[in-house]
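> Here it is, the structure in full.
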Amino acid sequence: MKILVAGSTGVIGKLLTRKLVQAGHEVVGMTHKLERKTHIQALGATSIVVDVFEKEAVLAAVGAVDPDVIIHQLTSLSNGSIEENARIRIEGTRNLVDAAHAAGVQRMIAQSISWAYEPGEHPAGEQVPLDIHAPLPRKTTVDGVAALESAVAEIPEHVILRYGTLYGPHTWYDHKGTIAQKVMQSQMPATDGITSFLHVEDAANAALLALEWPTGPVHVVDDEPAAGTEWLPVYAAALQAPVPALQSGRNRGERGASNAKARGDYGWTPLYPTWRTGFAQSLERGQQERL
């Protein structure tokens, strides 16, 4: 298949682009930075430079590529701005979907998240409503997710990958990542909030497999949603960081998500089934790669 990957130089995008090429697909990687073209080409893909906020440019680019599938992995996580990330989900997705309509693209796979649900006591299934009545600043994120998923659902064949909290190389949980630095400096307490994690390699593998998955949303998370009081001490130990302080309570919507659909219905098997071993494996691998 001919596949356009929007966000091909991101943390997941790079891994995914390589996997798609290795699987024999014709891949076109989209980036908004000219200097990243060579990175995409080094992965074995063709590269195009397009700003996803420039609608006419997106329409022209998708029309010229004429892909069978668009994979939307665009985010804005490097600067930690929830407003910019929401803008990509709202405006960027709208432009990609409109371009897909114009080019006759029948299948789209898009990155979403698994922590935008209404509050609850148990890990969410895909049928749980999004938390559209959340207060700010959470509402900014939820509105962005809702807009993305609604737009993508206009494509006849679509898969919405509701990823867990990402860890692994080049994420906030890597040795030099934002979360790692906070934990090293004892700035992050362990709370009762529930998180579902996902290694970036499992995220990329799921996007590859989603080329054949049925239409609809699906959680791509590991097997063990866990409270911060459980996972954060394990992560700190893997970092060789101080033992985190305990703090009761949790934020709105921190309930985790169930991967029963991906595992049971789709046969998806994560390489990193639990953060209990995944944190240490990932951090050790990262250290070895830096040597």
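> When you look at E284, is it out of contact with any helix residue (DSSP H, G or I) (no Cβ under 6 Å at 6 or more places or on another chain) and modelled with pLDDT of 95 or more, yes or no? Break it down stepwise before answering.
Numbers: out of contact with any helix residue (DSSP H, G or I) (no Cβ under 6 Å at 6 or more places or on another chain): yes; modelled with pLDDT of 95 or more: no.
Considered against the rule, which asks whether it is out of contact with any helix residue (DSSP H, G or I) (no Cβ under 6 Å at 6 or more places or on another chain) and modelled with pLDDT of 95 or more, E284 comes out as no.
> Assess whether E126 counts as being touching a Lys or Arg at 6+ places or on another chain (Cβ under 7 Å), touching a residue at least 24 places away in the same chain (Cβ under 8 Å), within 19 Å of H219 (Cβ to Cβ) and acidic (D, E).
yes
> Has region 243-260 got any residue that is under 28 Å from H25 (Cβ atoms) and either outside any loop (DSSP other than H, G, I, E, B) or at pLDDT below 95 (or both)? Explain how you work it out, then say what you get.
Taking region 243-260 and keeping what is under 28 Å from H25 (Cβ atoms), we get 259.
Restricting the remaining residues to those that are either outside any loop (DSSP other than H, G, I, E, B) or at pLDDT below 95 (or both) gives none.
The answer is no, given that none of the residues of region 243-260 is under 28 Å from H25 (Cβ atoms) and either outside any loop (DSSP other than H, G, I, E, B) or at pLDDT below 95 (or both).
> If only one of V200, V243, V220, V234 is in contact with a helix residue (DSSP H, G or I) (Cβ under 8 Å, 6 or more places away or on another chain) and farther than 28 Å from R138 by Cβ, which one is it? Walk me through it before giving the result.
Working: V200 fails: farther than 28 Å from R138 by Cβ; V220 fails: farther than 28 Å from R138 by Cβ; V234 fails: farther than 28 Å from R138 by Cβ.
Going through V200, V243, V220, V234 in turn, the sole match is V243.
> Right, another one. How many of the residues in region 91-122 are assigned to a loop (DSSP other than H, G, I, E, B) and more than 25 Å from E212 (Cβ to Cβ)? Before the answer, list the steps.
Residues of region 91-122 assigned to a loop (DSSP other than H, G, I, E, B): 104-106, 114-116, 118-122.
After this cut, where a residue has to be more than 25 Å from E212 (Cβ to Cβ) as well, the list is 115-116, 118-122.
Selection size over region 91-122: 7.
> Could you check how many residues of region 147-166 are assigned to a strand (DSSP E or B), of a type outside the set (A, V, I, L, M) and under 19 Å from R263 (Cβ atoms)?
Summing the residues that are assigned to a strand (DSSP E or B), of a type outside the set (A, V, I, L, M) and under 19 Å from R263 (Cβ atoms) in region 147-166 gives 3.
> Follow-up question, since we're still on this one. Could you check region 123-146 and list, in sequence order, the residues that are polar (S, T, N, Q) and either outside any helix (DSSP H, G or I) or in contact with a Cys (Cβ under 7 Å, 6 or more places away or on another chain) (or both)? Write out each step before concluding.
Going through region 123-146, the residues polar (S, T, N, Q) turn out to be 127, 140-141.
Once the filter is applied, which keeps residues that are polar (S, T, N, Q) and either outside any helix (DSSP H, G or I) or in contact with a Cys (Cβ under 7 Å, 6 or more places away or on another chain) (or both), region 123-146 yields only Q127.
> For region 25-38, which positions are closer than 18 Å to E212 by Cα and either within 17 Å of the chain's Cα centre (by Cα) or crowded, with 24+ Cβ neighbours inside 10 Å (or both)? Spell out the reasoning first.
Pass one, region 25-38, residues closer than 18 Å to E212 by Cα: 25-27.
Once the filter is applied, which keeps residues that are closer than 18 Å to E212 by Cα and either within 17 Å of the chain's Cα centre (by Cα) or crowded, with 24+ Cβ neighbours inside 10 Å (or both), region 25-38 yields only V27.
> Can we say T38 is in contact with a helix residue (DSSP H, G or I) (Cβ under 8 Å, 6 or more places away or on another chain) and over 26 Å from V142 (Cα atoms)? Break it down stepwise before answering.
Values: in contact with a helix residue (DSSP H, G or I) (Cβ under 8 Å, 6 or more places away or on another chain): no; over 26 Å from V142 (Cα atoms): yes.
Taking the combined requirement at face value, the residue does not satisfy it.
> Could you please tell me which pairs satisfy a Cβ distance under 6 Å, a separation of 6+ or placement on different chains, a first residue in region 136-149 that is farther than 11 Å from E83 by Cα, and a second residue that is polar (S, T, N, Q) and surrounded by fewer than 17 Cβ atoms within 10 Å (Cβ to Cβ)?
Short answer, once both residue conditions are applied: none.
> Just one of the numbered conditions (1) in contact with a Ser or Thr (Cβ under 8 Å, 6 or more places away or on another chain); (2) surrounded by fewer than 22 Cβ atoms within 10 Å (Cβ to Cβ); (3) of a type outside the set (K, R) is not true of G164; which one?
Of the numbered conditions (1) in contact with a Ser or Thr (Cβ under 8 Å, 6 or more places away or on another chain); (2) surrounded by fewer than 22 Cβ atoms within 10 Å (Cβ to Cβ); (3) of a type outside the set (K, R), the odd one out for G164 is (2).
> Then there is this: Residue by residue through region 200-230, note down the ones that are under 27 Å from P67 (Cβ atoms) and assigned to a strand (DSSP E or B).
First, the residues of region 200-230 that are under 27 Å from P67 (Cβ atoms): 200-220.
Across region 200-230, the qualifying residues are G216, P217, V218, H219, V220.
> Taking the residues in region 1-24 that are of a type in the set (G, A, S) and in contact (Cβ under 8 Å) with a residue 24 or more places away in the chain as candidates, determine which candidate is surrounded by the most Cβ atoms within 10 Å (Cβ to Cβ). Please lay out each step first, then the result.
From region 1-24, those of a type in the set (G, A, S) are 6-8, 10, 13, 23-24; that's our starting set.
With in contact (Cβ under 8 Å) with a residue 24 or more places away in the chain added as a condition, the list becomes 6-8, 10, 13, 23.
Values: A6: 31, G7: 25, S8: 29, G10: 22, G13: 25, A23: 12.
Result: A6.
> If you take the residues of region 129-161 that are among the acidic types (D, E) and more than 17 Å from the chain's Cα centre (by Cα), which of them is surrounded by the most Cβ atoms within 10 Å (Cβ to Cβ)? Spell out how you get there, then give the answer.
Step one: list which residues in region 129-161 are among the acidic types (D, E), which gives 131, 143, 149, 154, 157.
Next cut, more than 17 Å from the chain's Cα centre (by Cα) only: 131, 154, 157.
Working: D131: 22, E154: 13, E157: 13.
Only one residue fits best here, namely D131.
> Moving on. Looking at F53 and the list (1) at pLDDT below 95; (2) closer than 23 Å to K14 by Cβ; (3) over 19 Å from the mean Cα position of the chain (by Cα), which single condition is not satisfied?
Every listed condition holds for F53 apart from (1).
> Give the residues of region 175-190 that are surrounded by fewer than 20 Cβ atoms within 10 Å (Cβ to Cβ) and either in a loop (DSSP other than H, G, I, E, B) or not basic (K, R) (or both), sorted by residue number. I'd like the intermediate steps shown before the answer.
As a first pass, look at region 175-190 and keep what is surrounded by fewer than 20 Cβ atoms within 10 Å (Cβ to Cβ): 175-179, 181-182, 184-187, 189.
H175, K176, G177, T178, I179, Q181, M184, Q185, S186, Q187, P189 - these are the residues of region 175-190 that are surrounded by fewer than 20 Cβ atoms within 10 Å (Cβ to Cβ) and either in a loop (DSSP other than H, G, I, E, B) or not basic (K, R) (or both).
The values are calculated or read from the model by the stated rules, or taken from the named source; none is laboratory data. Predicted model, so just to flag it, every value in this text is computed and none were measured. Cβ atoms come from the backbone with ideal geometry, glycine included; neighbour counts cover every protein chain shown.
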